[in-house]
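Novice: Dumping the structure here so I can ask a few things about it.
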Amino acid sequence: MAGVVNVIELVADAESGWVEAVQNAVREANRTVRHITGVEVTNLTAMVEDGRIKSYRANVHLAFAVEPRRDEGPRDPDSGL
């Protein structure tokens, strides 16, 4: 894992379950976010209609590696920067 990661919060839904909702969040983020390293599920909810679950929703924190600027090489870990 990278030394520094960024974390964003996402909310995704699905019709067949919470696992699918989490997978949808990761799949959609992967279209524009590089170097995803992990996901933390922070909340699970569902929409109910006529006594049945209509859709599932997952709030997640998605972690991804922070890349160095293109004009910089890797930083020296002993430099304090």
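Quick note: the coordinates plus some simple rules give every number you see, no bench work behind them. From a predicted model like this one, the values you see are computed outputs, not experimental measurements. For neighbour counting, all protein chains shown are included, and Cβ atoms are generated from backbone atoms with ideal geometry for every residue, glycine included.
Novice: Compute the angle between helix 18-29 and the longest alpha-carbon principal axis of the chain, please, reported from 0 to 90 degrees and rounded to the nearest 10.
Specialist: With rounding to tens, the tilt is 40 degrees.
Novice: 7 Å from Cα along Cα→Cβ at both R57 and E28: what's the point-to-point distance in nm?
Specialist: Result: 1.2 nm between the two label points.
Novice: Then there is this: Quick one, which of (i) 6.4; (ii) 10.5; (iii) 5.1 is the actual mean projected area of the Cα convex hull in nm² calculated for this model?
Specialist: Given (i) 6.4; (ii) 10.5; (iii) 5.1, the calculated one carries the label (i).
Novice: If you don't mind, another one. Under a point spin-label approximation (7 Å from Cα along Cα-to-Cβ), what is the E15-E40 distance to one decimal in nm?
Specialist: Between E15 and E40, the simple spin-label model gives 3.3 nm.
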